Amino acid sequence: MKIAIVGITGVVGETIVRVLDERKVPCDELGAFASRARTEPFVFRGREYPIRAASRDALVTGGYDVVFFASSDDASAELAQACVDAGARVIDNSATFRLTDGVPLVVPEVNPGAIGPGDRLFPVANCTAIVLVVAIAPIYRLAGLRSVRVATYQAVSGAGRAGLEALEGEELGRDVPTPFVAPIFRNVVPQVGSLDENGDSGEEKKVAAETRKMLDAPELHVAATTVRVPVRRAHSEAIFLETARDTSVAEIAEALRNAPGVVFHEQGVVTPRDVEDDDRVHVARLRAEGDSKRHFQLWAVGDQLRKGAATNGVQILELLLERNVLV
Ligand SMILES: NC(=O)c1ccc[n+]([C@@H]2O[C@H](COP(=O)([O-])OP(=O)(O)OC[C@H]3O[C@@H](n4cnc5c(N)ncnc54)[C@H](OP(=O)(O)O)[C@@H]3O)[C@@H](O)[C@H]2O)c1
C-alpha cells in the first residue's frame, strides 16, 4: 500500500507517521509532502523519503492508495478532490469537508456505520469535538441528550507547531510570533479561532455542528466556550449535560466503564499530563447536579494530537482495511 502524508513536517503529520508505525499499518512506500521541499529526507521504517512540495501533479501521479492531509484548509480544498479522482482514499484533518452533506464524519468508537461502500473522502473531526463525542456518546445511547454545554482548556499544540513555539518562546522571555490573541505563558486565552458577529469563535461553532453530525442528532443543543491554556499537549473539557430521560450517576458510570475508547476514573482527577501519548479519552469527576436525574457534569481529557487527529485518522484507515475496500 502506498501512503502519502501532506503536512509531514507538522505536529499532526509527524504523529500520523508514529501511529502508522506503532499500529503496524502496512506501507510499501511513503510520499512525504510539506509546503516546501526539504534537503533532509524523512526516515520511515529505515527507508529515506525525500520531503517534497505538495502539488496536484505529484499527488495525482504518485499512485497513492491513501493520502492523509495534515496541512491546512486551503491545501485540502485545492488538492484532496484531485487525489480522490485519481483513485486514492483521502483522510483529511482539515475542516474543509467535515460538514459537507453526504461526507461521513467518523469516530470509529462512536459511528463506524457512517462509512458507506462508495465513500472515498474521510474528514477527521475537530479535535475538541472528538474528545467530547467519545465521552458523551455512551450517555447519549443510555439516556438521550437534550443539551450539552462545554468549557474547554485547550493545549497550545492544537494550534500546530507555531503554538508550541509561542509557549516555549514566551517561557524563555523571547519575542516570538504567536498564533494566539494574547500572551499564553502564565495566562488563559478565551478565544480559539476568530469571532463572528454573534461573538462565537470558529472552534465553538465546529464543536457544536460536528458533535451534532457525529451523534446524528441535528436538534441537539450544544453550547461551547473554548479556551487556550498554557498546556503543551491534550485538551481538557468540563462538560454539563441534560439527558432526555431520567438516569443516574451509577447508570452513566456503568455506560462509561463499558464504552470503547474511554477510561473512566471512579475517583480522583485526571490531567492533560496524565494522558499524553494515550489514544483514549479519560473521564473523571462524574456527578449529578444536586439530586437531579437529568443534569450531570463530568471532566474529559484526551491527547488531541493522537485521538483528536492522527489516531482517529489511522483508525479510519484500519476500518477500510478490515472491510477490504483497499488493496
Ligand atoms: N494540532 C492539532 O492538535 C490538530 C488537531 C486536529 C486537526 N488539526 C488540523 O491538522 C492540520 C495540521 O495541523 P498541525 O497542527 O499539524 O499544523 P502545523 O504543525 O503547523 O503543520 C502544518 C503542516 O502543513 C504543511 N503545510 C502548510 N501549508 C501547506 C500547503 N499549502 N501545502 C502543503 N503543505 C502545507 C506544513 O509544511 P511546512 O513545514 O513546509 O510549512 C506542515 O507540514 C490542520 O488542518 C489542523 O487544523 C490539528
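Nothing in this text is a laboratory measurement; each read-out follows from the coordinates by a stated rule. In this text the structure is predicted, and so the values were computed from the model without any measurement. Backbone-built Cβ (ideal geometry, glycine too); neighbour counts: all protein chains shown.
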Kirkwood Rh, Cα atoms: Rg over Rh of the stretch 128-304: 1.00
Whole-Hz ³J(HN,Hα) from phi, Karplus 6.51 cos²θ - 1.76 cosθ + 1.60, for the stretch 114-120, glycine and proline x: 6, 7, x, x, x, 6, 10
Cβ-placed point charges (K, R +1; D, E -1), dipole of the chain about Cα centre in debye, nearest 20: 300 debye
From the C-alpha gyration tensor of the stretch 7-102, square roots of 5λ in Å: 21, 15, 14
Radius 10 Å from Cβ of ARG232, net charge of other residues (Lys, Arg +1; Asp, Glu -1): 0
Computed P(r) (all Cα pairs; the chain; 10 Å bins; percent): 6, 26, 34, 24, 9, 1, 0
Order of MET214, MET1 - criterion: other Cβ atoms within 10 Å of each residue's Cβ, fewest first: MET1, MET214
Spatially proximal lysines relative to LYS205 (Cα-Cα < 25 Å; intrachain offsets below 8 disregarded): LYS213, LYS307
Selection from LEU320, VAL227, ALA151 lying farthest towards where the dipole of the chain points positive, charges on Cβ: LEU320
Relative contact order (%) - criterion: Cα under 8 Å, at least six apart; region: the chain: 18 percent
Overall form of the stretch 68-148 per C-alpha gyration tensor (a/c, 1.5; a/b vs b/c): prolate
Cut-off 13 Å (backbone N to label point 7 Å along Cα→Cβ of ALA288), residues of the stretch 221-236: none
Length-normalised contact order for the stretch 136-282 - Cα pairs under 8 Å, 6+ apart - percent: 35 percent
Proxy reagent accessibility, fewest Cβ within 10 Å first, across HIS235, HIS221, HIS282, HIS295: HIS221, HIS295, HIS282, HIS235
Selected from ASP274, ASP21, ASP196 as most flexible by GNM, with the chain as the system and alpha-carbon contacts under 10 Å: ASP196
Extension gain from GLU197 to HIS295, taking 0.36 nm per residue of separation minus the Cα-Cα distance: 32.2 nm
Calculated FRET efficiency for the pair SER55/GLU322, C-beta based, R₀ 35 Å, to 0.05: 0.60
